[in-house]
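Input: a single structure, listed below in structure tokens.
The values are calculated or read from the model by the stated rules, or taken from the named source; none is laboratory data. Keep in mind that this is a model prediction, so the values were computed, not measured. Here the Cβ positions follow ideal geometry from the backbone for every residue, glycine too, while neighbour counts run over all protein chains shown. Surface accessibility is based on the protein's heavy atoms, side chains included, excluding ligands, DNA and RNA. Shrake-Rupley method; radii C 1.70, N 1.55, O 1.52, S 1.80 Å.
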Amino acid sequence: MCIRDSDCCGIYICGSTGEAASLTCSERMAVAEHYVSAVAGRIPTIVNVGHDCLADARQLAAHAQDINADMISAYQPNYFRCETLEALLACMQDICRAAPKLPFIYYHTPRAGSHFDMHEFLKAGKDCIPNLAGIKFSTPNVHEYQECLQCQNGRFSMFFGTDQMLLSALSVGSKASIGTSFSFAAPLLN
């Protein structure tokens, strides 16, 4: 992972590339602690706290707040997935209550079965998730991503996360991305 200020302007901890779903909660907390400590405030840190068990997701969220991470992120549970947008919002609201001081970035990924319209998620989420700050948008639906960029006059931070579609995202106004190849090829992609 490249952490030089000129190459990266933030770090996403315990995401898919970091194989967080294969780690125990204590391992994930140790990884988050080490990264937040190593970064030492030079760039923002986002800790993914998504988990199939909501109690564990809340524990990871509270821990991220305790170690002074800058933001949290979470995906929906993978096995027992949310069947409605309302259920997804309630799930994310529950996780966010454990770290109310940290901005929240929803991790929209097909790996977790996300199939909801994210523009609708943002419109509804602004009222029920007080710390909702944006989305890590990891699907190739650039038209939907563009709608999200424009939602509430650009109020939300929208991180594009489908590496092979970066040029398309840039063409519709993307200013930020989080992805695997962005980690090891940051100078080239910048």
Practice item. Exactly one condition in (1) surrounded by fewer than 20 Cβ atoms within 10 Å (Cβ to Cβ); (2) in contact (Cβ under 8 Å) with a residue 12 or more places away in the chain is not met by Gly154; state its number. Key: (2)
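When you go through Leu85, Leu60 one by one, which is the residue that is modelled with pLDDT of 95 or more, of a type outside the set (Phe, Trp, Tyr), more than 24 Å from Val36 (Cα to Cα) and open to solvent by less than 40 Å² (accessible area, probe 1.4 Å)?
When all the criteria are applied, what remains is Leu85.
Suppose we filter Pro77, Pro100, Pro130, Pro110 for residues that are open to solvent by 20 Å² or more (accessible area, probe 1.4 Å), closer than 22 Å to Gly18 by Cα, without any contact (Cβ under 8 Å) to a residue 40 or more places away in the chain and not aliphatic (A, V, I, L, M); which single one remains?
Matching residue, one of Pro77, Pro100, Pro130, Pro110: Pro110.
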Exercise for review: Tell me, yes or no, whether region 40-56 has at least one residue that is more than 22 Å from Phe160 (Cα to Cα) and open to solvent by less than 10 Å² (accessible area, probe 1.4 Å).
Suggested key: no
**Study point:** Among the candidates Met92, Met71, residue that is open to solvent by 10 Å² or more (accessible area, probe 1.4 Å) and of a type in the set (A, V, I, L, M)
**Key:** Met71
Check your understanding: Any residue in region 125-133 that is under 13 Å from the mean Cα position of the chain (by Cα) and part of a strand (DSSP E or B)?
Key -> yes
Practice item. Among residues belonging to region 133-151 that are of a type outside the set (A, V, I, L, M, F, W, C) and in contact (Cβ under 8 Å) with a residue 40 or more places away in the chain, point out the one that is surrounded by the fewest Cβ atoms within 10 Å (Cβ to Cβ). Key: Ser138
Practice item. Look at region 163-181 and say how many of its residues are part of a helix (DSSP H, G or I) and touching a residue at least 60 places away in the same chain (Cβ under 8 Å). Key: 1
Study note, to complete from the structure: Condition set among the small types (Gly, Ala, Ser) and surrounded by 12 or more Cβ atoms within 10 Å (Cβ to Cβ), scope region 8-36, selection nearest to Pro77 (Cα to Cα): answer is Ala21
